[in-house]
Structures are given as C-alpha cells and as structure tokens.
Amino acid sequence: MTPRAASLAAGLAAGLAGVFGVTEASAAAECRLALVLAMDVSSSVDAQEDALQRGGLASALLAPEVQTALFASDMHVALAVFEWSGRYNHEVLVDWTLIDSRAALFAVAQAIGASTRSHDEFPTAMGYALGYAAGLLDRAPPCLFQTVDVAGDGENNEGFAPSRAYRHFPFAGVVVNGLAIDGANSEPEVSLEHYYRNEVIRGPGAFVEVARGFEDYERAMRRKLERELRPRVVGELDQRPGSPG
C-alpha cells in the first residue's frame, strides 16, 4: 500500500470510528438505565408464592408512583426480566424492551403476569443467577447506567457465591440491589437481610428492600422500583458502566 493510500485508509477508519462513536453516544443518551429484574423460583417458593410474586411484580410496575419515576425523564429505561433457581435453570420472561411509552410498560407487565413457572425443584444458585444477569447486561441496549435487581427468599445454597460472581463476571460500574423476602409468619429474618446487605448488593447507592412474606412482595417491589427508577442526579454520571467503582 502506498503512503497516500495508507493515509486515506487511516482517515477513513478514523471517520468511521467517529460515526459509530456518535451513534453509540446518541443511543445511550436516549436510555438512562438498563435494569435486569431477577425472580427467584427455587424449590423453597411454592406455587401460591410464585403467583404472588408474578402478580406483584406486574402490579408494581403499573403503580402510579413507579410510572411517575419511570417517565420522569425524556431518557428512557430498558427492562429485562428472568427467573432463576439452580445452576443452569434460568428463563427469560421479558427480553430487553425499551420502555418508551405506557403501552410498552403495560405490555411488559402483562407478559410477566401471564408467565408460567419454568422450574420448581431446584435450589438457590444465586452466584449463577448473577452470572446470567451479567450476560444479559452484556447485550443490553447502550444506557448510561446498569442495574441488577435480585429478589429471593433465601441465601445461596448451590454453586459459587455472589462474591465469586463479582470477581469473574463483568460487573464494573453495575449496581446490584436486592429484595429479601422473609417469612410472613415469623420474626423478621434479620439474617437474610444481613446476607443481602453483606453478600449480594454492590455498587454506589445499592440498597436492600425487605418484604415480610410473599404477601408483602408487591408493596416492597413497588418501593424498590420507585427508588431505583428515579432519575439519577448529574453528579452520578461518572459511575456509568465501565468506570471504576
């Protein structure tokens, strides 16, 4: 290749890189948050409890306060929802959907409410669930922030722990929040909340919401969604995916 041809090729490559960079930045500017919702369907969750969480999540998404938070900005939110239990038992209920209208939100809520359980006999492999969530985020639409929301009624009891998932999967810049579901007819399971606070959540501003049994799931999910869907302040923009922390 002649020096002139090499120079032209380099210029063309730089130009194309600039075009694709602008395109990606424009797409990210339209999406402020990629949110993965992970639903526990391990063997400790019976059929009635499973129905309560599916209906509860669908209703929480449509709650007025959640819709207010969701549509509080011109920048949209992208949602993906999956259920998890054992090491290899994951099922996508809603693949990546940009919530750019109330019609899109209603469609997602309807899909969750009408979904049926894929497994009911496997243990709680939370580390694997987090690894699966990382894979979903890897193909998420370009957004300013990425969050994983893990709901469950027990600690990890199969496979590697959440801490190992965080070491071996790409979680840089990802916030992980938790919804710990304790027993409704017993004293609050402080240990489960403690486990979520110390082993599960991660990233700046991460938090745990506690549901007092599956009957309380909808209320707790509504509070959590309202909090994590609220537009972030400008000062948080340095914590976008791929940045330190």
With a 1.4 Å probe and all protein chains left in place, how much accessible area per residue does region 115-234 have, in Å²?
45
How much length is gained on full extension from Arg197 to Thr116, taking 0.36 nm per residue of separation minus their Cα-Cα distance?
26.2 nm
If I stretch the segment between His168 and Trp96 completely, what's the gain in nm (0.36 nm per residue apart, minus their alpha carbon distance), one decimal?
23.6 nm
Quick calc, region 38-134, dipole around Cα centre from Cβ unit charges on Lys, Arg (+) and Asp, Glu (-), nearest 20 debye, gives 140
Give the shape of region 28-145 as rounded, prolate or oblate, defined through the alpha-carbon gyration tensor: a ≥ b ≥ c are the square roots of its eigenvalues, a/c under 1.5 means rounded, and otherwise the shape is prolate if a/b is larger than b/c and oblate if not.
oblate
Taking the Cα centre as origin and putting +1 on Lys and Arg beta-carbons and -1 on Asp and Glu beta-carbons, what dipole magnitude results for region 106-188, to the nearest 20 debye?
440
Between Arg219 and Ser44, what is 0.36 nm times their sequence separation minus the Cα-Cα distance? Round to one decimal in nm.
60.9 nm
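Of all DSSP beta bridges in region 117-232, what percent run antiparallel (nearest 5)?
On the way: 1 of 13 bridges.
Roughly 10 percent of the DSSP beta bridges within region 117-232 come out antiparallel.
Looking at region 111-156, what % of the alpha carbon pairs are farther apart than 11 Å?
Working: 790 of 1035 pairs.
Result for the distance tail: 76 percent.
Rounded, prolate or oblate: which fits region 136-220 when a ≥ b ≥ c are the square roots of the eigenvalues of the alpha-carbon gyration tensor, with rounded for a/c under 1.5 and prolate only if a/b beats b/c?
Cα axes put region 136-220 in the prolate bin.
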Leaving out ligands, DNA and RNA but keeping every protein chain, what accessible area does Glu155 have, in Å² rounded to the nearest 10, with a 1.4 Å probe?
80
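The values are calculated or read from the model by the stated rules, or taken from the named source; none is laboratory data. Owing to the predicted nature of the structure, the values given are computational and were not obtained by experimental measurement. Neighbour counts run over all protein chains shown; Cβ positions are idealised from the backbone, glycine included. The area values use the complete protein model at the heavy-atom level, side chains included, leaving out ligands, DNA and RNA. Shrake-Rupley method; radii C 1.70, N 1.55, O 1.52, S 1.80 Å.
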